[in-house]
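The values are calculated or read from the model by the stated rules, or taken from the named source; none is laboratory data. Predicted model, so just to flag it, every value in this text is computed and none were measured. With ideal geometry, Cβ positions are generated from the backbone for all residues, glycine too; neighbour counts draw on all protein chains shown.
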Amino acid sequence: MRPDFIFFSEDENGAVQANIIDPHEQFLADYAESREVHFGRIEAIGKVGDAFRVLDLLDVNVRDAIRLGPSAKALFEGPKAQPYPKHRN
């Protein structure tokens, strides 16, 4: 796997965790399901209009929606996607 972005952050216990951010949600959903315990975040990012939206691939409901959904566009425009925050701690 070659994700577009890997960010590192510190969890509540002070341990460093890797976070994958990538726009390829179908493949990434399968990857997230099999390796979710190894990451703090695995997110697919998409642009809707002028805003970026995020799908949390650690959420089993989001992964199911990706597999069953009609299109990536519909998922990023729908209720499973959230606005991508401009800043994260």
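The table for this structure:
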{"read-out": "Test: residue in the stretch 22-37 that is at pLDDT below 90 and in a strand (DSSP E or B)", "value": "yes"}
{"read-out": "Members of the stretch 38-51 found to be out of contact with any strand residue (DSSP E or B) (no Cβ under 7 Å at 6 or more places or on another chain) and farther than 18 Å from Phe5 by Cα, listed by number", "value": "Val48, Gly49, Asp50"}
{"read-out": "Candidate set: the stretch 52-74, residues that are in contact with a strand residue (DSSP E or B) (Cβ under 6 Å, 6 or more places away or on another chain) and of a type in the set (A, V, I, L, M); chosen: the one farthest from Ala29 (Cα to Cα)", "value": "Val54"}
{"read-out": "Selection from the stretch 7-32 of residues that are surrounded by fewer than 17 Cβ atoms within 10 Å (Cβ to Cβ) and more than 18 Å from Ala81 (Cα to Cα)", "value": "Phe7, Phe8, Ser9, Glu10, Asp11, Glu12, Asn13, Gly14, Ala15, Val16, Gln17, Ala18"}
{"read-out": "Within the stretch 39-61, tally of residues that are out of contact with any helix residue (DSSP H, G or I) (no Cβ under 6 Å at 6 or more places or on another chain) and farther than 21 Å from Asp11 by Cβ", "value": "7"}
